[in-house]
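Everything below concerns the one structure shown next.
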Amino acid sequence: MSSELIVILSIVGGAGLIGLFYISHSIEQQRRQRALLIANISDFAFRLQRLLDSIPPAYLGKDIQLLLLGQIKKRMERLKELAPSNDKFRKKLDATNEHIAEVTGSTAKQVKPQIKSPEEASQIRTLLQDLSKIIETFAQNKIITVAEARTHLAFLQSSYLDANLNHLLHQAETARQEQKPKVAILNYEKALTEMKKRNKKGNFSERIEQVTAVINQLRDEAGHAVSSTADEPNELNQAMNELLEEEDAWKKKYF
């Protein structure tokens, strides 16, 4: 074999190895990109599902539930295309379709649950704020219109305020039962302030009268003992003040 042929074969062989290396590298890169895409889509779908599972349905309403479920469905369909052999994605898609049918067909009135602790109120607040950011992203990406986003954000703000009011009244009633008039009056007054701010259409008029009567009754029963220690700092006061500060921050951001 001539030296020229050996050189040519060596060049061809080297080029073949380089080509094989680049092909292998390209295939591996595509595999990694596909795996990353699957992970990102799956993570976001899980995030949406967590919000659906963690926030009481009454604080979401049917429209927001269906919006989230529709986005989960789209991502499950995409995951099924990317990983057709993954049975987990198929099952999740089937479950999402069933959930959509259930929410669409439901006519039962959703009752807002009782919030029993500052921790629970804080958790709902955080989840609703996280969901608000997602809805803003949907509008930015033109998944929904700006008008739809505003409607959803207004509903979530109302839900946030309802959760806060619910919590304040529960704390007040619990303190009243435990014979703690100072704490009861503190929370009733904060709830009263909140209801007066939201009573433009008279929705809270009856409740305002009831709470006002309770406050007056507690003051009469407690006499001067309440007013003499009304401003003493405690953990509950701090927690309630933080919730009200968060509410004001919410309003400034979205409205």
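Taking 7 Å steps out from each Cα toward its Cβ at residue 46 and residue 129 produces label points 2.4 nm apart. If a spin label sat at a point 7 angstrom from the Cα of residue 82 along the line to its beta carbon, the backbone N atoms of segment 36-61 nearer than 18 Å would be those of 36-50. Pop the C-beta distance of residue 95 and residue 63 into the FRET formula with R0 = 22 Å and round what comes out to the nearest 0.05. Calculated transfer efficiency: 0.60. Kirkwood hydrodynamic radius of segment 173-223, from the reciprocal of the average inverse Cα-Cα distance over all distinct pairs: 11.2 Å. With Cβ to Cβ distances under 13 Å as the rule, what net charge do the other residues near residue 179 carry (K, R +1; D, E -1)? Around residue 179, the surrounding residues sum to 0. When each of the peptides 51-63, 134-146 is scored by how many other beta carbons lie within 10 Å of its residues on average, the order from highest to lowest is 51-63, 134-146. Excluding residue 189 itself, what net charge comes from residues whose Cβ is under 12 Å from its Cβ, given Lys and Arg +1 and Asp and Glu -1? So the environment of residue 189 carries a net charge of +3.
Remark: spin-label model distance residue 106-residue 210 equals 2.5 nm, labels positioned 7 Å along the Cα→Cβ axis. For segment 29-127, divide the Cα radius of gyration by the Kirkwood radius and give the resulting Rg/Rh value with two decimals. Taking Rg over the Kirkwood Rh, I get 1.06. Pairs exceeding 27 Å between alpha-carbon atoms, taken from 142/197; 142/201; 133/201; 112/190: 142/197; 142/201; 133/201.
Values quoted throughout were computed directly from the atomic coordinates according to the rules given, and no laboratory measurement underlies them. What you see is a predicted model, and the numbers here were worked out from it, not measured in a lab. Note that each Cβ is placed from the backbone with ideal geometry, even for glycine, and that neighbours are counted across all protein chains shown.
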